[in-house]
Structure formats: structure tokens, C-alpha cells
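Rule-based calculations on the coordinates, nothing more; no lab input. Quick caveat, the model's predicted, so the values are computed rather than measured. For neighbour counting, all protein chains shown are included, and Cβ atoms are generated from backbone atoms with ideal geometry for every residue, glycine included.
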């Protein structure tokens, strides 16, 4: 029996993880955490009987406590509650699927508690990779990627000598506006940006895919996960989303991981690594594939991608500024308070008006997030 803690159980990754639990009787959910969706958390409590539940919003936690006053479940809230769920004594593996920088502190706490990490929260490594990866090595903790692209790289490297890696080929679908100019994107509506051609994901990551900011974040994440310099990571647009990423070795050989665009595969692979389990999912039918095509990324029209790579190469506190500005701007766009192109304008403004810190601590990272939000609130 493997006991799991799911941070972000009410989101897209979390609910798909629970689908996997339903099909594998040797998985046991001991902790779950959500933001404010009390109704869904109630359903999850009654189906999976976790020992502890974190509702990030205190008023929602109180609502849940009142409902379960005679039920044997511990209900906690806030960052302290999230950390308690991440470090719950009986948990073997912690799936971090919360959205945003909120994932940094519970991930650090879980590593210190020597929990295996199934990482679906890319902001953790984007902002604090220089802290997370050395700590995981010090504590002897595995960090198993759940992002489809990073899982593909991880699978392609399995059994290979990482010192013989020449290049990571990080694939991207190109999103719903692939081939568009910035002029064409001026009048993009929220519904258009949420209409991803291949993947079904949460709203925030879907917008990040539309701006291609997501791919820039994934470059930073790949650098930390696989300990490679940025000049060994190449973005390749693969519109059919059949090749989830590739690894090229020093002899020119390339290993790729292919599959249908289904997040359950990388989630399940992380939960059971190094084993593979049967999964009832759609299979690739090569006889029905008209072609697999490749393109170079468009850095000119997808400004967010270029800004992400600038943040990656300059390092230090700049990835945190980039990420915090993007989180703030995407939240505004999801409320339809700004235009689609305003997202990258706000990111660039924040990056250009930041006092650089070369090696930020966790406390400095969290302050940078607050300062970035304050800067944007005052300017926009």
C-alpha cells in the first residue's frame, strides 16, 4: 500500500490523480488540500476518507469543520495547514499540484520530511530551483516530474548515462494561436485563449499555453530537474502533441516519448515509478496519423516566451519576478480586466523595474512576489 498526499486535489491534476487512485486499490489517500471548493472536498472526503484536509481559505475551512464536527478528519487551513498536509506522517509520496508560488514552502517542508515528491507545480523550481534541488539531494529525496514534457524527458533518460546527453528537445503544441501575429492577437477573447487544441487543463495553465509563457517556465524547470545548462535545451513546436519531448545524445541518437495528450500517464508513472501499470486510456493509432510536423518557436510574436528565456538566463530573482507578474496578469485576464497582450506587457514592465538579487532566499522570493504584485497594482 502506498499512502499519498495530494496538494491541489480539487484541480485538474488532483482530480485526475484521484481517478488513478480509484483504479489502483494499493493507493491510499491520507491527505488532500484545496483552495476553496468545499463541495468537491466534501465529496473527496466521503469517498477517500483522508486523515487530514487543508482548505486554504480559513472561512471555507470553518464551513467544512462545522459540517464534519462528528467526523474523524482533521481540517486545517492556510500555509501552516498546507505544510501539515504535505508532511503528514503516514504519507509516502506528496503530489504537489497547487497552482502558483504557494507550492514552494510545502514542497520544501515535504522534502525535509523525506517524502517522495511527484512534482506538478512548476513554479516551485522556477522560483526556488536553486534551493529545492540541492535540498532534495541532501535529504536523499526523489523528485519525480508530472508535467508531460518533463516526464517524457525523464522516461527518455531512463537507463541512459545522463553525462552523454547532448540536448533536451522540449516540445510545445504552439497553443491555440500558433502562427498568429501580435496584430492578430490584439482582439483575443478569454474563451478563445481557453480553447486549447489538444490538452484539457486548468484555466491558468491553459492561458500560459496560449501565451507560450508555460513553455518558458518549463525550460527553467528542465534546467533544474535535469541539471543541464540552458544552451542544451531547445524548444521544438510539435503541433500534434504526440511527441511529448525528446533527448538527443552525443552520438546523435534521439530518444522520444510518444502518447496521446493525456495527463494521467505522467501522473501514474510518477506515482508508481519505476514500475508501469496498466491504464485504460486511448492508444496512439499510427495508421490514422496524417503526419507529425515540427516548427521553430516564434519568439517575436510570442513575447512571453522570449521574456521567460531572458529571465532564465539572467537567473537570480528574475524568474520569480517573471512568474509573479505572470500569475498576477493571468488572474486579471481571467477576470477579463485586461487584454490578452497586456499579460506580456505587464511581465516586461515588472522585469524592467526590479532590483536584482543574485541568490534569493525563500523569504526573499516571497517578498519579491509581493513587491511585484504591488508594482503592477500601482502601474496598471
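Counting other C-beta atoms within 10 Å, which of 376, 119, 194 has the fewest, and how do the rest follow?
So the ranking, lowest neighbour count to highest, is 194, 376, 119.
Full-extension gain between residue 167 and residue 137, please, as 0.36 nm times their residue separation minus the C-alpha to C-alpha distance.
That works out to 8.5 nm of additional length.
Which FRET efficiency, nearest 0.05, do residue 25 and residue 186 yield, Cβ-Cβ r, R0 51 Å?
Using R0 = 51 Å, I get an efficiency of 0.45.
Determine, for 38, 94, the number of other Cβ atoms within 10 Å of each Cβ, and report the residues in order from fewest to most.
Listing 38, 94 from fewest to most nearby Cβ atoms yields 38, 94.
Can you figure out the FRET efficiency of residue 79 with residue 275, using R₀ = 30 Å and their beta-carbon distance, to the nearest 0.05?
Calculated transfer efficiency: 0.35.
Mean separation of Cα pairs under 8 Å and 6+ residues apart, divided by the residue count of the chain: what relative contact order is that in percent?
15 percent
Please find the FRET efficiency linking residue 250 to residue 70, where r is the Cβ-Cβ separation and R0 is fixed at 56 Å, and quote it to the nearest 0.05.
0.30
How much length is gained on full extension from residue 310 to residue 236, taking 0.36 nm per residue of separation minus their Cα-Cα distance?
24.9 nm
Sort the following peptides by mean Cβ neighbour count (other Cβ atoms within 10 Å, averaged over residues), highest first: 122-129, 340-347.
Result, highest mean Cβ count within 10 Å first: 122-129, 340-347.
Once the piece of chain linking residue 362 and residue 289 is laid out straight, how much longer is it, given 0.36 nm per residue of separation minus the C-alpha distance between them?
In short, 21.6 nm is gained.
Would you work out if the stretch 196-256 is rounded, prolate or oblate? Take a ≥ b ≥ c from the square roots of the eigenvalues of the alpha-carbon gyration tensor; rounded if a/c is under 1.5, else prolate when a/b is larger than b/c, oblate otherwise.
Oblate shape, in that a/c is at least 1.5 and b/c is the bigger or equal ratio.
Suppose only helical runs count, i.e. DSSP H with n ≥ 4. What mean residue ellipticity at 222 nm does that imply for the chain under -39500 (n - 2.57) per run, divided by all residues and rounded to the nearest 500 deg cm²/dmol?
The per-residue figure over the chain is -14000 deg cm²/dmol.
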